[in-house]
Amino acid sequence: MEQPLSSPTFDDLLGRARGLVRDGRRAVLGIAGSPGAGKTTLAERLVRVLNGDGAPWVAHVPMDGFHLADVELERLGLRDRKGAPNTFDAAGYAALLRRLREENDGDGEGEIVYAPGFERVLEQPTAGAIPVFPSARLVVTEGNYLLLAEGSWARVRAQLDEVWFCELDEEERIRRLVARHEEFGKDHDTAVAWVLGTDQHNAELVAATRDRADLVVKKQ
């Protein structure tokens, strides 16, 4: 694996993303990182700027659409571990990434592929919320566990042309994550307890996968 760049600029990232698409083949870029590290912000900015080149050719498919619904988490006894690796449909996510890579490859013709989304207010997945059109030559996907090598998650990395790892100062990451939980309905004490408990355990799992990334992006 190539040595990650130390502090790539956003222009560096744009050039690197564009370079993943070769010979008309659809490419899939993964952005990993701990909860609150800025993965979604980076992905959305990349997609917005790259699509500003002309006709839209980049799609954004977050991993969060593969959260198990709360009713299933209750059945499994995992409601208080929501966000942990075993509270996602990892096999389904890997299968979608494989389909995105293999369908509409080269000529830009074919069917729309629908991906699930995630409703932050309800904290529930929503089926068929994200259309990926045949014209998409680059798919940007982001989530915590793209580099995890356990169970069905091990199938994910093989479907990604590159994975970038978002890294943010730990104190700032925690502050932002608490604020996000409060924004979507938790009171301050509950938000802090969740961030320092369930979220922190997940963050440690994610941090241990950093060395498997192709590039480390230090966020501010």
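The values are calculated or read from the model by the stated rules, or taken from the named source; none is laboratory data. Since the structure is predicted, the reported quantities are computational estimates derived from the model, not experimental observations. Glycine gets a Cβ as well: all are built from the backbone with ideal geometry, and neighbour counts include every protein chain shown.
Only strands (runs of 3 or more DSSP E) whose full extent lies in region 119-220 are considered here, and the ones with at least 2 residues that are loosely packed, with under 15 Cβ neighbours inside 10 Å and among the hydrophobic types (A, V, I, L, M, F, W, C) are 124-132. Six or more apart or on different chains, Cβ atoms under 8 Å: show the pairs whose first residue is in region 9-24 and within 11 Å of LEU46 (Cα to Cα) and surrounded by 16 or more Cβ atoms within 10 Å (Cβ to Cβ) and whose second is modelled with pLDDT of 95 or more and among the aromatic types (Phe, Trp, Tyr). Final answer for the pair search is LEU13/TRP164. Quick check, is GLY92 surrounded by fewer than 16 Cβ atoms within 10 Å (Cβ to Cβ), touching a residue at least 24 places away in the same chain (Cβ under 8 Å) and either farther than 27 Å from ALA191 by Cβ or of a type in the set (Lys, Arg) (or both)? For GLY92, the condition - surrounded by fewer than 16 Cβ atoms within 10 Å (Cβ to Cβ), touching a residue at least 24 places away in the same chain (Cβ under 8 Å) and either farther than 27 Å from ALA191 by Cβ or of a type in the set (Lys, Arg) (or both) - is met.
The residue pairs whose first member lies in region 125-141 and is touching a residue at least 24 places away in the same chain (Cβ under 8 Å), whose second member is of a type in the set (Asp, Glu) and not in a loop (DSSP other than H, G, I, E, B), and whose beta carbons are closer than 6 Å, counting only pairs six or more residues apart or on different chains, are THR126/GLU119.
Residues in region 35-72 that are in contact with a Cys (Cβ under 8 Å, 6 or more places away or on another chain) and not in a helix (DSSP H, G or I) were compared, and the one that is surrounded by the fewest Cβ atoms within 10 Å (Cβ to Cβ) is GLY38.
Only a single item in (1) more than 27 Å from ASP23 (Cα to Cα); (2) touching a Lys or Arg at 6+ places or on another chain (Cβ under 9 Å); (3) not aromatic (Phe, Trp, Tyr) is not met by ALA158, and it is number (1).
Pairing each residue of region 203-219 that is more than 16 Å from VAL156 (Cα to Cα) with any residue that is part of a strand (DSSP E or B) and aromatic (Phe, Trp, Tyr), provided the two are 6+ apart or on different chains, yields C-beta distances under 6 Å for LEU215/TRP164; VAL216/PHE165; VAL217/TRP164. Might you let me know whether region 48-70 holds any residue that is over 22 Å from CYS166 (Cβ atoms), in contact with a helix residue (DSSP H, G or I) (Cβ under 6 Å, 6 or more places away or on another chain) and in contact (Cβ under 8 Å) with a residue 12 or more places away in the chain? Yes, the conditions are met somewhere in region 48-70. When region 73-89 is filtered for residues that are surrounded by 14 or more Cβ atoms within 10 Å (Cβ to Cβ), acidic (Asp, Glu) and either part of a helix (DSSP H, G or I) or free of Cβ contacts under 8 Å to residues at least 12 places away in the same chain (or both), nothing remains. Just to be sure I understand the filter: pairs with C-beta atoms under 7 Å, separated by 6 or more residues or on different chains, first member in region 148-172 and in contact (Cβ under 8 Å) with a residue 12 or more places away in the chain and farther than 14 Å from GLY33 by Cβ, second member of a type in the set (Lys, Arg) and not in a loop (DSSP other than H, G, I, E, B). Which pairs pass? Close Cβ pairs satisfying both conditions: GLN159/ARG98; GLN159/ARG101.
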